[in-house]
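**Student:** Just passing along the structure, written as structure tokens.
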């Protein structure tokens, strides 16, 4: 099962323009396109994640959870004003009424899945009974001074190739009804090394097939490529 591949080096989250049936744009608001866009090319650590009880060579239930903050966000303030004026879906007030300008996005996530460490970097020869991660992402849109400008709740399914990818939709708040597509990069923490061989347990499990290795900790990082978060709303 390819969906367990959570090792990568880019972090991209895109909320696409085609909302699911029954979940259109906020009532009364004629808005469309990208509401918020964030990007970073500085190749830095922007968050952390943990896997509990941890990935081993044996299939079992695990929970992937963590948090990250994406900088350098810009928003279509006019569209946000229209949402605030006509529906207030996730945007409680206009800029004139004191809504701060969006400058970054702070997100927390939690996904549950059943599987082993294989398939993260190499193919898993047996994925019988495994299921891909499903879960939620909570996004808080913040100003440069960490004032809240809006929030979004996302439900998604995690699948991957060489990096983790989430597809889903905004279920509540700013951008409700928008489709969600995300690509998230994780790098195993060097400190997650229970046998002291200076190699992360996750890679010991994946590349070495070490039955004693239990991968639990990863960093969320960007790379020199673009990192974006797009939040469009369907008309």
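**Student:** Sort out for me the Cα centre separation of the stretch 81-114 from the stretch 136-158, rounded to whole Å.
**Tutor:** What the calculation gives is 7 Å, centre to centre.
**Student:** Subtracting the Cα-Cα distance from 0.36 nm times the residue separation, let me have the gained length for residue 45 to residue 114 in nm, one decimal.
**Tutor:** Extra length from residue 45 to residue 114 when fully extended: 22.1 nm.
**Student:** Please give the peptides 42-53, 164-175 ranked by average Cβ packing (other Cβ atoms within 10 Å per residue), highest first, as a rough proxy for protection.
**Tutor:** Numbers: 42-53: 15.7, 164-175: 22.5.
Sorting 42-53, 164-175 by mean packing, highest first, produces 164-175, 42-53.
**Student:** Find how much the distance from residue 52 to residue 85 grows on full extension, using 0.36 nm per residue of separation minus their present alpha carbon separation; answer in nm with one decimal. Could the numbers behind the result be given before it?
**Tutor:** Values: separation 33, 0.36 × 33 = 11.88 nm, distance 4.33 nm.
Extra length from residue 52 to residue 85 when fully extended: 7.6 nm.
**Student:** Mind ordering 62-68, 213-219 by average Cβ neighbours within 10 Å, highest first?
**Tutor:** 213-219, 62-68
Rule-based calculations on the coordinates, nothing more; no lab input. The structure displayed is predicted, hence computed values, not measured ones. Neighbour counts run over all protein chains shown; Cβ positions are idealised from the backbone, glycine included.
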